[in-house]
Amino acid sequence: MQPILANYTASITELKKSPTQLLKDAGDEAVAILNHNVASAYLVPSHMYEKMMEVMDDYYLRQEVDEALKDTSKPIRVELDDLLS
């Protein structure tokens, strides 16, 4: 059985009727959209989506930093003023 990763659920029919009302009823939480009692999508408030994107960006940036730190070549010293010119 697939887990439902939201405290609120709605059917696709309910979504078609009033997506704005679903978001209003759920407040700041995600809504699992069910199709035959299986989550087929999640409706999330824009601020939650933006935060999710920030977390993913930070995660991928961290992976790039970790890869760069594995580089064993000799680092080059650079002054901040050199980068701005």
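Summary of values
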{"quantity": "Any hit, segment 30-47, residues being β-branched (Val, Ile, Thr) and over 19 Å from the mean Cα position of the chain (by Cα)", "calculated": "yes"}
{"quantity": "Members of segment 1-53 that are open to solvent by less than 100 Å² (accessible area, probe 1.4 Å), out of contact with any strand residue (DSSP E or B) (no Cβ under 8 Å at 6 or more places or on another chain) and in a helix (DSSP H, G or I)", "calculated": "13, 14, 21, 46, 47, 48, 52, 53"}
{"quantity": "Hits in segment 54-85 (condition: of a type in the set (Asp, Glu), open to solvent by 80 Å² or more (accessible area, probe 1.4 Å) and part of a helix (DSSP H, G or I))", "calculated": "54, 57, 58, 64, 67, 81, 82"}
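The values are calculated or read from the model by the stated rules, or taken from the named source; none is laboratory data. Quick caveat: nothing in here was measured; it's all calculated off a predicted structure. FYI the Cβ positions are ideal-geometry reconstructions off the backbone, even for glycines, and counts take in every protein chain you see. Accessible surface is based on the protein model in full, side chains and every heavy atom, while ligands, DNA and RNA are left aside. Shrake-Rupley method; radii C 1.70, N 1.55, O 1.52, S 1.80 Å.
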